[in-house]
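Some notes on the structure that comes next.
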Amino acid sequence: MATAKPILYGAWISSCSHRVRIALNLKGVDYEYKAVNPRTDPDYEKINPIKYIPALVDGDFVLSDSLAIILYLEDKYPQHPLVPKDIKTKGLDLQIANIVCSSIQPLQGYGVIGLHEGRLSPDESLEVVQRYIDKGFREQ
Ligand SMILES: N[C@@H](CCC(=O)N[C@@H](CS)C(=O)NCC(=O)O)C(=O)O
């Protein structure tokens, strides 16, 4: 019996979803992509109650959070490894991944900037976004 393809829920605007799409494509995994608006799609809340994208549905298993999904894919599809075997290189790779996931994206994403909608001008929002992207990539 053919196994169902994993389904990735994401959106074009979401860097977190892009990470997982990149991992799936580097590994050559055949998957289905479903574009959703996590804030407004009532069906998506049943898949991921925290209402963030991405989420991966693999049969009856649902996993959210881009880094968790990527590490799951790494274990499930060992071809074209993404995580180095050398423990120091692996540690540094995970450091970079975590800085992107924890110290850049959340601080300049909708969760923070959206909270200030109407209170920050577009230039002020841009300043916040640039501050965290610049700090994360320049100083790590
Ligand atoms: N740590 C999570 C963050 C997920 C996240 O913040 N996703 C954003 C898109 S990149 C989202 O769903 N934003 C919708 C919102 O904040 O309402 C991951 O890496 O997947």
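Data for the structure
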| quantity | calculated |
| --- | --- |
| Which numbered condition ALA55 fails, given (1) buried (at least 17 other Cβ atoms within 10 Å of the Cβ); (2) over 29 Å from TYR110 (Cα atoms) | (2) |
| Failed item in (1) modelled with pLDDT under 95; (2) assigned by TED's automatic domain parsing to the domain that holds VAL128, with LEU92 passing the rest | (1) |
| Enumeration of residues in segment 1-37 that are over 18 Å from GLY59 (Cβ atoms) and either among the basic types (Lys, Arg) or free of Cβ contacts under 8 Å to residues at least 12 places away in the same chain (or both) | ILE13, HIS18, ARG19, ARG21, ILE22, ASN25 |
| GLY136 being in a helix (DSSP H, G or I), farther than 17 Å from SER14 by Cα and either away from the ligand (no atom under 11 Å from the Cβ) or not assigned by TED's automatic domain parsing to the domain that holds TYR52 (or both) | yes |
| Hits in segment 107-133 - residues which are open to solvent by 80 Å² or more (accessible area, probe 1.4 Å) and assigned to a helix (DSSP H, G or I) | TYR110, LEU115, PRO122, ASP123, GLU124, LEU126, GLU127, GLN130, ARG131 |
| Leading residue by the ranking (farthest from the ligand (Cβ to nearest atom)) among those in segment 77-106 that are surrounded by 12 or more Cβ atoms within 10 Å (Cβ to Cβ) and charged (D, E, K, R) | LYS90 |
| Within segment 53-92, tally of residues that are within 28 Å of LYS5 (Cα to Cα) and in a helix (DSSP H, G or I) | 11 |
| Filtered residues of segment 1-52 (kept if surrounded by 13 or more Cβ atoms within 10 Å (Cβ to Cβ), more than 8 Å from the ligand (Cβ to nearest atom) and basic (Lys, Arg)) | LYS5, ARG21, LYS27, LYS34 |
| Pairs with Cβ under 7 Å, 6+ apart, first in segment 95-123 and without any contact (Cβ under 8 Å) to a residue 24 or more places away in the chain, second more than 8 Å from the ligand (Cβ to nearest atom) and small (Gly, Ala, Ser) | ILE113/SER125 |
| Any hit, segment 63-70, residues being open to solvent by 30 Å² or more (accessible area, probe 1.4 Å) and away from the ligand (no atom under 14 Å from the Cβ) | no |
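The values are calculated or read from the model by the stated rules, or taken from the named source; none is laboratory data. These numbers come from a predicted model, not from an experiment. Glycine gets a Cβ as well: all are built from the backbone with ideal geometry, and neighbour counts include every protein chain shown. The accessibility values were calculated without ligands, DNA or RNA, using every heavy atom of the protein model including side chains. Shrake-Rupley method; radii C 1.70, N 1.55, O 1.52, S 1.80 Å.
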